[in-house]
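First up is the structure itself, then whatever we jot down about it.
Every number here is computed from the coordinates shown, using simple stated rules; none is lab data. What you see is a predicted model, and the numbers here were worked out from it, not measured in a lab. All Cβ positions, glycine included, derive from the backbone under ideal geometry; neighbour counts span all protein chains shown.
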Amino acid sequence: MVATAVSQAEPEVLLAGHGITKCFGPVVANDDVSVELRPGRILALLGENGAGKSTLVNVLFGLHRPDAGQVVIADENVELSSPHDAIARGVGMVHQHFQLVPPMSVVRNIVLGAEPRKLGMIDVTQARRRVLELADRFGLHVDPDAAVEDLPVGAQQRVEILKALYRDARVLIADEPTAVLTPQETDHLLDVLRGLTAQGVGIVFITHKLREVMAAADDIVVLREGKVVGTTTPAQTSEAALAELMVGRAVDLHGDRFESGATGVGSAAPAEIAADDAAPTSEAMAADDPERPVVLDIAGLCADDDRGQRAVDELSLEVRAGEIVGVAGVEGNGQRELVEAITGLRHATAGTVSISDRDASGARPRQVTVIGVGHIPEDRAKHGLIGSYSVADNSVLNRYFKRPFAAGGMLRRDRIDSHARDVVATFDVRTPDVESPADSLSGGNKQKLIVGREFSDEIDLLIAAQPTRGIDIGAIEFIWHRIRERRDGGTAVLLVSAELDEVLALSDRVVVMYEGRIVATVDPRTATREEIGLLMAGAAPGTECSVAGG
Amino acid sequence: MASVVLGLLLGAVLIAVQGHSVSSAYSALVLGGAGDADALLRTLQKATPLVFGGLAVAFAFKAGLFNIGGQGQLLVGAAFAAGVGFGLEGVPLVVHLPLALLVGAAAGAAWGAIAGVLKATSGAHEVIVTIMLNFVAGNLTDWLAANPWQDRSGSNIIARTPLVQPSAEIPTWGWLPAGFVLAVIAAFACWFILERTTYGFEVRSVGANRHAARYAGISVGCIMASTMAVAGLLAGLGGAIESLGVDGRFEAGVNVGLGFEGITIALLARTNPIAVIPAGLLVGLMEAGAAKMQFESGVAPEIIDVIQALILLFVAAPLIVRWLLRLRDRPDAPDRRLTLGAGWGR
């Protein structure tokens, strides 16, 4: 465990996976995936959440054992039984959530577990000297004596990188390293990574941000639904082309938009749905009709993300009764903060929200519910359900205080139970009985329970965030059908989804969100995926595909 | 139950190792705790503050809060109830006794609410705050008993209040102290509030999933603050009953430790308010019978503490019990583990 010079006999391939397949139960997270990293190069793994990027690097780092396929480190076929094997072979990982001891100094964090010793004690002087040498050699400047908790996030990340380099890493795997960084810190990190490659280190860089890939990567592998859907280099591609690869294959303009060769599990059944409900109906066409009342009216809305960075930036949007407005965008462009600001879960720093002609700016979640808003939250385990509660209690989770479920501060169990049985029957929630805990339900049934709950009340506005994430095709079809039914019944629907397929299949109008703003409004009947992909990548409408963003 | 049996079995081994008769020790323990009307009265009197203390911990736990402040809440309840009990004269029982109880309960509630409000507004951890408030309450009530409220009759130099007026005394009907009846009522009331009211739904939601509770429109801060107030009210009531029904006054240092035993009781009952009653009775019986056990079989009464600790260990470490009893881990069984760390680090 001594930091020696990186260059010994230079291997041809630093790290590779050949034909990696990994399943979790019925879910195929990686399906015959092959990637290869050569010395001095940055390999970007690009894909939406759930595309299998993290699973792949966890296999390469020895956290998961592959069901099939071969891991190669430094030209050698290896069997990794734990991350220790990978570390011993010179593979380091920078996790998205830092593995640091906050009150300890930078030096101690870096040497932790591999301390230079003298007479059984940590040789602090030597540890400090080595850390300084490393930092100097790789241009990773950080105060060696500062406590990690006092450092900004970007500096903490440099400590993580130094930790890996201290252990002689010749390969650095960085799992969404920019997700926690400000734009300035991101630029600095990309410089650092390029500096490392100049010294022969190879880097695997996971992200779903196109700009960073174009700026920093040498090789790009795009994953979708567990498969490699593209291998390319920045010179051969564009942000728009990458966006399209990430979200799905190119499609036709008309009704049968799912049949043109989409791959993987997401393909077959939606094709039937599209045939069934053949895109926007004639009533829906009337959605743009200015005669219809505006239900949701957002003007100049601003909101910060959890790090205090502005995530929603003076956004204005109208949703009319009887229309579905879909928000398309690469995740992390303020969609979550937008939904939370409307529903009262997040403080809006500026702007107004009005719902059904009532001012709902700064309203609390309870007030938003009472005004007549249904909210299918993005994270069903965190916000949508209480896992230990019964199906019955969850069926009234945000309406338990209303008649007929409560009277005079008392819960009326009989009414709650019969309501739950209604929801279970109407929304086809597969559960042995309404007393079962919600945690015992499958993901699709949990989601149907949430949708059933939100649809069982009189609502004027439905806010659906990722309404079909991670659930099976049958449940997706069912939920899509119900959302369309609501729309036809006159409810205004704001749909936020990372699945472009979903946005295109459901929406009457699509707005594209980029860096907290709506950059374009498009008609899903005429827009092409290339066009939308380009807008999602941040190109101003009307510009050419070639040199977007950057 | 398995934990109790295991604790008693290991206790029996310890008694046997010391060369005493297990059967005579345990039978003396039971006789001393339930052998006659006096023994039963002792057990019920011992069990009353334990039940209240247990409820104070169990109720807060339903909102995901770990109330270590039962001791302080109980002390202020005991002191202020005694203050009203001896200070008011010429008031009929129907007014005086309820008033004294109410003031004790209110004092406990206020004490608990401090920790709840601090948690809700500044995120100060309730464990730390309640522990510190225990010290404040201890010193405050010691001072009250030694200075403004001290019994000046005769040559008393002990830090204690005068005896409470007869009109503020909690009656005892034969072997049944009225205070214990109140404890049972309080336990059922807690169960009813938690399971049958919208407020209880809110409390449990905050404890089970704070984020989902916010989504559901529940004000998490208000629930935390009010839950701690209810918990303090329960402990304060327990203290008031000690002063008005058992000791007849408040005396510095007498109730020390009672509040902490509430944690034991709540764990033993797995934070189920109804189960707090038998848990309080079991511990109450062991404490009430310990003297007789020592007198008849020579076993040191400290063995009771050891047995209690063993029972608690087995409750807290279900894996040990499973292993000892060779129970198979059933994956389909509902998760009954207590997550005592729930209040930490959030």
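Data overview
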read-out	value
Among beta bridges that DSSP assigns inside region A:2-247, antiparallel share in %, nearest 5	60
Average other protein chain Cβ within 10 Å of Cβ, residues B:187-198	2
Among B:A189, A:T55, A:L196 - extreme Cα towards positive end, dipole of the protein assembly as shown, charges at beta-carbon	B:A189
Stokes-Einstein D in µm²/s, Kirkwood radius over Cα pairs - region A:15-119 at 25 °C with 0.890 mPa s viscosity	159
Over chain A, relative contact order from alpha-carbon pairs under 8 Å, at least 6 apart, %	15
Within straight-line cross-link reach of B:K46, lysines at Cα separation under 18 Å, skipping those fewer than 8 residues along the same chain	B:K292
Residue-averaged [θ]222 nm for chain A, counting only DSSP H segments that reach four residues, each worth -39500 (n - 2.57)	-9000 deg cm²/dmol
Inter-site label distance for A:L119 and A:Q99 at 7 Å from Cα along Cβ, in nm	3.3
Burial ordering of B:V127, B:V203, A:V94, fewest other beta-carbon atoms within 10 Å first	B:V127, A:V94, B:V203
Shape of the protein assembly as shown, Cα gyration tensor, a/c cut at 1.5	prolate
Approximate spin-label separation A:T526-A:D75, in nm, with each point projected 7 Å along Cα-to-Cβ	6.0
Residue range of chain A that is longest and free of GluC sites (Glu not before Pro) which are both DSSP loop and sparsely packed (at most 11 other C-beta within 10 Å)	A:80-290
Size of charge dipole - region B:48-279 - debye, nearest 20, with Cβ of Lys, Arg +1 and Asp, Glu -1, no other charges	660
Peptide A:397-405, shielding by other chains (average Cβ, 10 Å cutoff)	4
Gyration tensor verdict on region B:43-189 (Cα atoms; rounded if a/c is under 1.5, prolate if a/b is larger than b/c, oblate otherwise)	oblate
Most positive-pole-ward Cα, A:S442, A:L411, A:T431, against dipole of region A:377-457 from beta carbon charges	A:L411
Positive dipole terminus of the protein assembly as shown, leading residue within B:V22, A:V512, A:L338 (C-beta point charges)	B:V22
Over 28 Å (Cα to Cα) - which of A:K53/A:K382; A:K163/A:K209; A:K209/A:K448; A:K382/A:K402; A:K163/A:K227 fall in this group	A:K209/A:K448; A:K163/A:K227
Top of B:G284, B:G87, B:G69 by mean-square fluctuation, Gaussian network on chain B, Cα under 10 Å	B:G87
Loop-located trypsin sites (Lys or Arg not before Pro) in region B:130-198 whose Cβ has at most 14 other Cβ within 10 Å (DSSP)	B:R152
Net charge dipole size for region A:2-247 [Lys, Arg +1 and Asp, Glu -1 on Cβ; Debye, nearest 20]	520
Antiparallel bridges, percent of DSSP beta bridges restricted to the protein assembly as shown (to nearest 5)	60
Estimated distance in nm for a label pair at A:E10 and B:A316, the labels positioned 7 Å out from Cα along Cα-to-Cβ	6.0
Computed [θ] at 222 nm, helices only, for chain B once each DSSP H run of length n ≥ 4 contributes -39500 (n - 2.57)	-23000 deg cm²/dmol
Reach of B:K119 by Cα under 19 Å, taken over aspartates and glutamates that are not fewer than 8 positions away in the same chain	B:E202
Span per principal axis, largest first, for the Cα atoms of region A:377-457 (Å)	35, 23, 22
Cα gyration tensor category, rounded, prolate or oblate, for region B:117-242 with a/c compared to 1.5	oblate
Of the DSSP H helices in chain B, those whose Cα atoms cover at least 20 Å axially and whose Kyte score averages -1.0 or more	B:2-17, B:37-62, B:70-87, B:93-122, B:126-146, B:178-196, B:220-241, B:276-297, B:302-316
Average other protein chain Cβ within 10 Å of Cβ, residues A:379-385	4
